[in-house]
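Following: one structure in structure tokens, then a few remarks.
The values are calculated or read from the model by the stated rules, or taken from the named source; none is laboratory data. This is a predicted model, so every value here is computed, not measured. Every residue, glycine among them, receives a Cβ derived from its backbone with ideal geometry; neighbour counts consider all protein chains shown. Side chains included, ligands, DNA and RNA excluded: accessible areas come from the protein's heavy atoms. Shrake-Rupley method; radii C 1.70, N 1.55, O 1.52, S 1.80 Å.
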Amino acid sequence: RMDQQFLRLQLVHEAMGTLLQLRRGLLAAGNDSKAVLELLEGSSSTVLTLFRAVVRLRGDTPSADNAELCHSVAGTASMDATPFVQVVRHRRGESAIKAADAPSVASGCLAGLQAVVRYLDKFKHRT
């Protein structure tokens, strides 16, 4: 069994890297809402992989449904799942994010990733 502390430290590293990549991408996109939307689409797989690892760290099995996964991590990390679920539904073709709404969705994703980093910083393994 993998050492929980090692896994936590690796997750902090990955979460910070993902957060910084998203910030850099948003700065590069500037006011180009279409570029922001493309950044959200391109980042979703990385974010969902991170979310699965967070669920595993707490000792649970991640949901196969990405929207449920987002809600699960939101409850754990005290964040809003809405922007992440919007991206999931957009990628599924269920509900498109309008380009004009992409910056506010991205802002919510940034806030959510910051909450995940805070959660990981404070994480204590259950014994």
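Mean residue ellipticity at 222 nm, helices only, the chain: -25500 deg cm²/dmol; runs of at least 4 DSSP H residues each add -39,500 (n - 2.57), and the sum is divided by the number of residues. According to the Kirkwood relation over distinct C-alpha pairs, the hydrodynamic radius of the chain is 14.8 Å.
Leaving ligands, DNA and RNA out of it, report the carbon-plus-sulfur percent of the accessible area of the chain at a 1.4 Å probe.
On the way: 3630 of 7130 Å².
Roughly 51 percent of what the probe reaches on the chain is carbon or sulfur.
Rolling a 1.4 Å probe over the heavy atoms of the protein chains gives the chain an accessible area of 56 Å² per residue. Here the spin labels are modelled as points 7 Å beyond Cα on the Cα-Cβ line, and at GLN4 and LYS122 they lie 1.7 nm apart.
Taking the Cα atoms only, what angle lies between the long axis of helix 102-122 and the longest principal axis of the chain, rounded to 10 degrees? Roughly 10 degrees, rounded to the nearest 10.
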